[in-house]
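Student: A single structure is presented below for examination.
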Amino acid sequence: MGVEGIGASVVRKEDRRFITGKGRYVDDIKLVGMTHAHFIRSPHAHAKIKGIDSSEAMKMPGVIAVLTGQQIVDDKIGNLICGWAITSKDGSPMKMGAWPAMAPETVRFVGQAVAVVIAETKNQARDAAEAVVVNYEELPAVADVKAAIAPGAPQLHPEAPGNIIYDWQLGDEAAVKAAFAKAANVVSLDLTNNRLVPNAMEPRAAIADYDAAEEHFTLYTTSQNPHVARLVLSAFYNVAPEHKLRVIAPDVGGGFGSKIYIYPEEMVALWASKKVGRPVKWTGDRTESFLTDAHGRDHITHAEMAFDKDNKILGLRVKTHANFGAYMSLFSSAVPTYLYATLLSGQYVIPAIYAEVMAVYTNTTPVDAYRGAGRPEASYLLERMMETAARQLNVDPAELRKKNFITTFPYQTPVIMTYDAGDFNASIDAAMKAIDYAGFPARKAKAKSEGKLRGIGVSCYIEACGIAPSKAVGSLGAGVGLWESAEIRVNPVGTIEVLTGTHSHGQSHETTFCQLIAERLGVPISQVSIVHGDTDKVQFGMGTYGSRSIAVGGTAIVKAMEKIESKAKKIAAHALEASENDIVIENGEFKVTGTDKSIALPMVALAAYTAHNLPDGMEPGLKETAFYDPTNFTFPAGAYICEVEVDAATGKTSFVNFVAADDFGRLINPMVVEGQVHGGLAQGIGQALLEHAVYNENGQPVTASFMDYTMPRADDLPSFQVQHTTTLCPSNPLGVKGCGEAGAIGASAAVINAITDAIGNNKLEMPATPDRVWHAIHG
Amino acid sequence: MSTVKLTVNGKAVSAEVEDRTLLVHLLRDHLNLTGTHVGCDTSQCGACVVHIDGQAVKSCTVLAAQAAGSSVTTIEGIAKGDELHPMQAAFRDNHGLQCGFCTPGMIMSAIDIVHRHSGQLDEATVRHELEGNICRCTGYHNIVKAVLDAAGRMKVAQAAE
Amino acid sequence: MYETTYHRASSVDEAAALFAKGKEAKYLAGGQTLLPVMKQRLASPSDVIDLAKIKDMVGCSGTTSGIQIKAATTHYDVSQDATVRKAIPALCALASQIGDPAVRHRGTIGGSLANNDPAADYPAAVLALNATIKTNKRTIAADDFFQGLFSTALEDGEIITAVDFPVVDKAGYAKFPHPASRFALTGVFVARMPDGDVRVAATGASQNGVMRVGPIEAALKANWSASAIDSVTISADGLLNDIHGTADYRANLIKVMAQRAVQAAG
């Protein structure tokens, strides 16, 4: 490891602009002649639009246009799509209701856009929006998933009778039945995985700029995947052909999944820009984030686990109802299926697994992937199950886990995945040591003597990241491939630009990707730039989500570097009059092995571009592109243990300690990795203790602001003890696994296991608010 | 419309704005100081924190007109040329930021915290004092570290002056 | 926010005159409640009259019978004030728990009382301490001032200029913050007067805003100790009931916070 290479905790190159206020987010951008959009949104969870009267609004100062959903339909702008096809048990395809960018006839959730006002200023647009009269006929609404599938429930979409999108299964039902038949013990559990709102701190925003002369659009947007946005806007929504649409995602203030999707607002901004002939800007406010950003989680699950007389797991049976909200968001269908049920083996040998998942429409904001996406739900279920089982079987929870760990690899689970590497004992042992697990009973007894409730909770998670290979996901219904691209440009003076199809919105790519270059080519990171987030600059790429950027995007960079090296070696060999096979690269020098002859990379680059003395037949230049399609998922795994103290009088939980031991394979920048873990843990703890998107029975959101939706704050959280164990990922050359989602996947079960241990009552749902915990203690 | 005159980052400025204009919009839209961010609409997230006459305030909850005659400092005004403020440097060195959106407000609040506590800070105090600033990326772990680190640096810097 | 006209008053009289001229004027002190409400377009004053720069309305001082806090004094300044700290340290503690640091730099006692948010902190102190609210027209006893949610005895255009707090024997405040908003989910202020009378007020708990808690007052009058509250029963009738706290939970919090307030009072 060099000082800037792989394994070095290099401070971030991107920080200077952020800490000096020079970041460039979408809302910071102003275009000449820019107009402002304000959306008119439904106050009803379910209603027919009987008419829209914008005559008064059109007379108001600064108003340029009021555009409606019917106009979008008339202009043949396509409906929003869901990009992953799921097939039900009975072989029928999923039932998708139409989702126009603005509702022409029917609104199905509070906040759905029905019209947009374009005006000279933001205030004028909002003032005029209040003068637009929308005449609604309210319809009965349903927000609860079980109520939505009950007979007589309000129906959302004619395409989906009974509000059922799909009823899907995975695993071997007969094998599970047989396993349960011979069980010595069966443990059952009902739980809710609470609905969350991603709440990236930067609200979504878009600026659309139509150039009539060129018939060309530019869209600045808060996207995690600008190329995917361009593809979808072009191929499905008919906004513009790809070569006439440039999508730029500049600095983006967090995403956590919510900025993967192509939302109505971006589409409308593009369409409106052409209509009014001027740039159109829309910046959401936080209320709009709550109402329209895709929410996360929202499962209700019944599960049973069978054990033999030695407490070995025999089988697992899971039935989950997933609330999809009012429409199928872009990747919604994959989340409770291939990102959830495929992880139900966890870290354990479970010979037979059978999962059923029913996807259901309700009159709520659409639900899609949010940090972890399916895997937190699987992990929470399994780890609550293991804890519950340990208590029921009267064995130590850590021991029960160890007894059932998978210890040989590769390991084929009964639910598709082939785990390639791992050492689950190493992680739990590291975590147990760090928290002094053995000393806990004494600490609990001491706390009890002081009138305090102390508990400890374990959670051992595994996740699948870098979702791939494309052929496999295609066979499972994915509408896209999940490879990644990189282009490396070695400039004539030896500086380097790396163009990546991933997108950094907090993940530190501008630093860690440079470290890959520094490691291999010996170029200081100050002489390397990372270019991303602009479809006009960067070759097609798939973007950043699912902890894929280093495992897939980083490997694409490595593959491109291999090509650069290969060509550079030829040039060096030619210049040094040596055999290509004798050239080695050390600290940026191309050396003839066993001699003192060498040539530095900048001289090789210069030679490549002057082309005065290249090997015969070689093209000038030093620029290479690679498209990398992984051969398998990566499988980060780890153990989290937390110790809490509960105030019995108020039900408030405080942390005594929180320990994380993760196996992410090779770490490129440990400082950055730990930062990712901290953030993930905060979101997992947030889910466990604080966060909950609540609707009343009429589909009205109860928690649509930070006044009601509890965001984790500094004083809600402890400092974390983060450590690493390592098994290298065998399926990529870096040996990396991905670290972005682990904390959010593993933390919530550890917290609930600790609280239920402290209070001696296993019946406790997330979020474990003081009110709920107090009731669980006092009945 | 009113003419609002105030000092921003040491410079006298004047702007013609609607009376309903919030200070944050004066800064962002009229003065192009876009480092101050808007992350919520209920005065809670703290992405918009600036200093008015040396005190941390939420610029989304102050009318521009209320700030007339005052001296406002924003994230753009705390470094001395190329030399970062110790709090900025501490955020970078401790990886106290990821997406960077909450960072300007965090840094402005954090400087105020250190000033009010005369450098006598511990972890619990910092966590409590950050109540009005929400970060979704870092889990606060490295922000807390950065503030504690900067408290030491600011003490040293003050002693040197 | 709807368009409005901003005025900066330099005296109480000027402020009252400006108010009288406006069609639907509102006073603006720190703005930490009014501006968020205006941003949500839930209030649309024709004129806002800024009181914060009126010199006569800022500061804390000792009086013959206790202390006076002028209405436009910020929460931060109250929390740091030596006179207040010496006389009623619980008031400093309360002020230091309102909102967050940036809010405390702007928010004022007068603004908080005039708004009478059912989960605000100051009303509990003013009611429990039996303070007197001074306005530009009269003085109003705390027991007469608070009249339910967001409702006070203030008449249209009347300006709170100061609050007089009597000297007390003991006082304490304990707050259980609302997890999201950080207002009081339930906050209880306890005070023992020199004559042995005890007043206890709870905020955040009742559907009718700040309230006296008779059963706890009686228990503490008999025996000023946290344990004296153990046997008290608080009815959940009329208490707020929402996702962050059921009525019975809030009833429990009234007891627990009262006990902690007594402990804080010493």
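The values are calculated or read from the model by the stated rules, or taken from the named source; none is laboratory data. Given the structure is predicted, the values throughout are model-derived calculations rather than measurements. All Cβ positions, glycine included, derive from the backbone under ideal geometry; neighbour counts span all protein chains shown. Side chains are part of the model used for accessible areas, which takes the heavy atoms of the whole protein and leaves out ligands, DNA and RNA. Shrake-Rupley method; radii C 1.70, N 1.55, O 1.52, S 1.80 Å.
Student: Check cross-link reach from residue A:30 to the lysines: straight Cα distance under 18 Å, and skip same-chain residues fewer than eight apart.
Tutor: A:22, A:122, A:274, A:281
Student: With every protein chain in place, what's the accessible area of residue C:167 (1.4 Å probe, Å², nearest 10)?
Tutor: Accessible surface of residue C:167 is approximately 80 Å².
Student: Per-residue mean of other chain beta-carbon atoms within 10 angstrom of the beta-carbon, peptide B:109-118?
Tutor: Values: counts 3, 0, 0, 3, 1, 0, 0, 4, 0, 0.
Partner-chain Cβ atoms within 10 Å, mean over residues of B:109-118: 1.
Student: Say R0 is 45 Å: what FRET efficiency, to the nearest 0.05, do residue A:242 and residue C:147 get from their beta-carbon distance? Walk me through the numbers on the way to the answer.
Tutor: Numbers: r = 64 Å, r/R0 = 1.43.
Approximately 0.10, to the nearest 0.05.
Student: Out of all DSSP beta bridges with both ends in the range A:292-402, state the antiparallel percent to the nearest 5. Don't skip to the end; give the middle numbers.
Tutor: On the way: 9 of 20 bridges.
Beta bridges within the range A:292-402, antiparallel portion: roughly 45 percent.
Student: Roughly how much of residue C:262 is accessible, in Å² to the nearest 10, using a 1.4 Å probe?
Tutor: Rounded to the nearest 10, that gives 10 Å².
Student: Other chains' Cβ within 10 Å of A:702-709 residues: what's the mean? Can you show the working numbers first?
Tutor: On the way: counts 2, 3, 0, 7, 11, 10, 8, 4.
Across A:702-709, the average partner-chain Cβ count within 10 Å equals 6.
Student: Shifting gears a bit: Using a Gaussian network for chain C with springs between C-alpha atoms less than 10 Å apart, which of these wobbles most: C:68, C:97, C:147?
Tutor: Fluctuation is largest for C:147.
Student: Return the inverse of the average 1/r over all pairs of distinct C-alpha atoms in the range B:2-77, which is the Kirkwood hydrodynamic radius, in Å to one decimal. Can you show the working numbers first?
Tutor: Values: mean 1/r = 0.0839 Å⁻¹.
By the Kirkwood definition, the hydrodynamic radius is 11.9 Å.
Student: If I stretch the segment between residue C:11 and residue C:55 completely, what's the gain in nm (0.36 nm per residue apart, minus their alpha carbon distance), one decimal? Intermediate results must be reported in sequence, preceding the final value.
Tutor: On the way: separation 44, 0.36 × 44 = 15.84 nm, distance 0.76 nm.
Gain on stretching residue C:11 to residue C:55: 15.1 nm.
Student: Same structure, new question: Given a cut-off of 18 Å, what percent of all Cα-Cα pairs of the range A:1-45 lie beyond it?
Tutor: Values: 626 of 990 pairs.
Summing the P(r) of the range A:1-45 above 18 Å gives 63 percent of all pairs.
Student: By how many nm would the segment from residue A:702 to residue A:79 grow when fully extended, if each residue of separation counts as 0.36 nm and the alpha-carbon distance is taken off?
Tutor: Working: separation 623, 0.36 × 623 = 224.28 nm, distance 2.86 nm.
Roughly 221.4 nm would be gained on extension.
Student: Now, a different point. Just to make sure I understand: if all protein chains stay in place, what is the order of A:340, A:695 by accessible area at 1.4 Å, largest first? Before the final figure, lay out the partial values.
Tutor: Numbers: A:340 0, A:695 45 Å².
Per-residue accessible area, sorted high to low, gives A:695, A:340.
Student: As a test of the formula, what do you get for the protein assembly as shown when each DSSP H run with n ≥ 4 contributes -39,500 (n - 2.57) and the sum is divided by the residue count, at 222 nm and rounded to the nearest 500 deg cm²/dmol?
Tutor: Values: 35 runs with 347 residues, N = 1206.
Rounded to the nearest 500, it is -8500 deg cm²/dmol.
Student: Using a Förster radius of 56 Å, what is the FRET efficiency between residue A:470 and residue C:236 based on their Cβ-Cβ separation? Nearest 0.05, please. Could the numbers behind the result be given before it?
Tutor: Values: r = 59 Å, r/R0 = 1.05.
The formula returns an efficiency of 0.45 here.
Student: On each of the three principal axes of the Cα atoms of the range A:385-542, give max minus min coordinate, whole Å, ordered largest first.
Tutor: 71, 41, 28
Student: Determine the relative contact order of chain B: mean sequence separation of Cα pairs under 8 Å and six or more apart, normalised by residue count, in whole percent. Working shown, then result.
Tutor: Numbers: 281 pairs, mean separation 37.7, N = 161.
Taking the mean separation of contacting Cα pairs over the length of chain B, I get 23 percent.
Student: How much of the DSSP beta bridge set in chain A is antiparallel, as a percent to the nearest 5?
Tutor: On the way: 103 of 129 bridges.
Looking only at bridges with both residues in chain A, the antiparallel portion is about 80 percent.
Student: On to the next question. Please quote Rg/Rh for the range A:692-779 to two decimal places, taking the Kirkwood radius as Rh and restricting both calculations to Cα atoms. Spell out each step's value before the answer.
Tutor: Working: Rg = 18.2 Å, Rh = 16.6 Å.
Using Cα coordinates only, the ratio equals 1.09.
Student: When the accessible area of the range C:61-166 is split by element with a 1.4 Å probe, what percent falls to carbon and sulfur?
Tutor: 46 percent
Student: Let me ask something else about it. Mind putting a number on the dipole of the range B:2-77 about its Cα centre? Charges go on the C-beta only, +1 for Lys and Arg and -1 for Asp and Glu, and I need it in Debye to the nearest 20.
Tutor: Result for the range B:2-77 is approximately 120 debye, rounded to the nearest 20.
Student: Right, another one. How would the range A:483-628 be classified by its alpha-carbon gyration tensor: rounded, prolate or oblate, with rounded meaning a/c under 1.5 and the a/b versus b/c comparison settling the rest? Present the calculation step by step, with values, prior to reporting the outcome.
Tutor: Values: a/c = 2.29, a/b = 1.92, b/c = 1.19.
Prolate shape, in that a/c is at least 1.5 and a/b is the bigger ratio.
Student: What FRET efficiency comes out for residue A:22 versus residue B:161 if R0 is 22 angstrom and r is the Cβ-Cβ distance? Round to the nearest 0.05.
Tutor: Values: r = 26 Å, r/R0 = 1.20.
It comes to 0.25.
Student: If you line up the Cα atoms of the protein assembly as shown on their principal axes, what length do they span on each, largest first, in Å?
Tutor: In descending order, the Cα extents are 100, 75, 71 Å.
Student: Order A:694, A:11, most accessible first, counting only protein heavy atoms with a 1.4 angstrom probe. Write down the numbers at each step before the final one.
Tutor: On the way: A:694 25, A:11 60 Å².
Correct descending sequence by accessible area is A:11, A:694.
Student: Any of B:11/C:23; A:182/A:403; A:444/C:170 with alpha carbons more than 27 Å apart? Name them for me.
Tutor: Working: B:11/C:23 37 Å; A:182/A:403 19 Å; A:444/C:170 36 Å.
With Cα atoms farther than 27 Å apart: B:11/C:23; A:444/C:170.
Student: Could you list, bin by bin from short to long, the percent of Cα-Cα pairs of chain B in 10 Å steps?
Tutor: Spelled out bin by bin, chain B gives 11, 41, 33, 13, 1 percent.
Student: While we're here: Please report, as a whole percent, how much of the solvent-accessible surface of chain A comes from carbon and sulfur atoms (probe radius 1.4 Å). Display every interim value, and only then the final one.
Tutor: Details: 13040 of 25120 Å².
Exposed carbon and sulfur together represent 52 percent of the surface.
Student: So which lysines pass the test for residue C:175, namely a Cα distance under 21 Å, with those fewer than 8 places away in the same chain ruled out?
Tutor: Hits, sequence-local ones excluded: A:452, A:652, C:255.
Student: Here is a follow-up. How are the C-alpha pair distances of the range C:170-265 spread across 10 Å bins, as whole percents from the shortest bin up?
Tutor: 19, 53, 25, 3, 0
Student: Quick check: from the Cα gyration tensor, does the range C:61-166 come out rounded (a/c under 1.5), prolate or oblate? Don't skip to the end; give the middle numbers.
Tutor: Numbers: a/c = 1.62, a/b = 1.20, b/c = 1.34.
Oblate, because a/c is 1.5 or more while a/b does not exceed b/c.
Student: Sticking with this structure for a sec: Describe numerically, in nm with one decimal, the distance between label points set 7 Å from Cα along Cα→Cβ at residue A:308 and at residue B:32.
Tutor: The two pseudo-label positions are separated by 7.4 nm.
Student: Let me ask you something else. Mind running the shape call on the range C:122-240? Use the C-alpha gyration tensor, a ≥ b ≥ c as the square roots of the eigenvalues: rounded below 1.5 for a/c, prolate if a/b tops b/c, oblate otherwise. Provide the component values of the computation, followed by the final result.
Tutor: On the way: a/c = 2.04, a/b = 1.29, b/c = 1.58.
Oblate shape, in that a/c is at least 1.5 and b/c is the bigger or equal ratio.
Student: What residue among C:49, C:234, C:243 shows peak mean-square fluctuation when chain C is described by a Gaussian network model with Cα springs under 10 Å?
Tutor: C:243
Student: Order the following by accessible area, largest value first: A:265, B:76. Probe radius 1.4 Å; ligands, DNA and RNA are ignored.
Tutor: Greatest to least solvent exposure: B:76, A:265.
Student: Then there is this: Averaged per residue, what accessible area in Å² does the protein assembly as shown show with a 1.4 Å probe, protein chains only? List each step's numbers first, then the result.
Tutor: On the way: 40100 Å² over 1206 residues.
I get 33 Å² per residue for this part.
Student: Starting from the Cα-Cα distance between residue A:433 and residue A:146, subtract it from 0.36 nm times their residue separation and give me the gain in nm to one decimal.
Tutor: Details: separation 287, 0.36 × 287 = 103.32 nm, distance 4.32 nm.
Separation in residues times 0.36 nm, less the Cα-Cα distance, equals 99.0 nm.
Student: Looking at the range C:54-98, I'd like the Rg to Rh ratio, where Rg is from alpha-carbon atoms and Rh is Kirkwood's inverse mean 1/r.
Tutor: Working: Rg = 9.9 Å, Rh = 10.4 Å.
Taking Rh as the inverse mean 1/r over Cα pairs, Rg/Rh reads 0.95.
Student: So what's the range C:5-50 giving for Rg/Rh, alpha carbon basis, Kirkwood Rh from the mean inverse pair distance? Mind showing how you got there, number by number?
Tutor: On the way: Rg = 10.3 Å, Rh = 10.6 Å.
Using only Cα positions, Rg/Rh for the range C:5-50 is 0.97.
Student: So if the hydrodynamic radius of the range A:119-276 is defined as the Kirkwood radius over C-alpha pairs, what does Stokes-Einstein give as its diffusion coefficient at 10 °C and 1.306 mPa s, in µm² per second? Intermediate values should be presented prior to the final figure.
Tutor: On the way: Rh = 20.6 Å.
In µm²/s, the coefficient rounds to 77.
Student: Roughly how crowded by other chains is peptide C:174-186, in terms of the mean Cβ count from those chains within 10 Å of each of its Cβ atoms? Write down the numbers at each step before the final one.
Tutor: On the way: counts 0, 0, 6, 3, 3, 15, 14, 8, 8, 1, 0, 4, 1.
Counting Cβ atoms of other protein chains within 10 Å of each residue's Cβ and averaging gives 5.
Student: Additional query: Rg and Dmax of the range B:86-160, Cα atoms, in Å?
Tutor: Considering the range B:86-160 through its Cα atoms, Rg and Dmax are 11.1, 36 Å.
Student: Moving on to the next point. Using the Kirkwood formula over every pair of different C-alpha atoms, what hydrodynamic radius in Å results for the range A:623-779? Each step should come with its number before you reach the end.
Tutor: Numbers: mean 1/r = 0.0574 Å⁻¹.
Radius from the Kirkwood sum: 17.4 Å.
Student: May I pose another question? How would you order C:206-212, A:526-532, C:17-23, A:205-211 from highest to lowest mean count of nearby Cβ atoms within 10 Å? Before the final figure, lay out the partial values.
Tutor: On the way: C:206-212: 20.6, A:526-532: 18.4, C:17-23: 14.3, A:205-211: 23.9.
Highest mean packing first, the order is A:205-211, C:206-212, A:526-532, C:17-23.
Student: Interface C/B, total buried accessible area with a 1.4 Å probe, nearest 100 Å²?
Tutor: Working: alone 11980 and 8430 Å², together 17950 Å².
By this definition, chains C and B bury close to 2500 Å².
Student: Further question on the same structure: Need one number: convex hull volume per residue for chain C, Cα atoms only, in Å³.
Tutor: 115 Å³
Student: With the calculation restricted to Cα positions, what are the radius of gyration and Dmax of the range A:202-333 in angstrom?
Tutor: Values for the range A:202-333 (Cα only, Rg and Dmax): 20.5, 77 Å.
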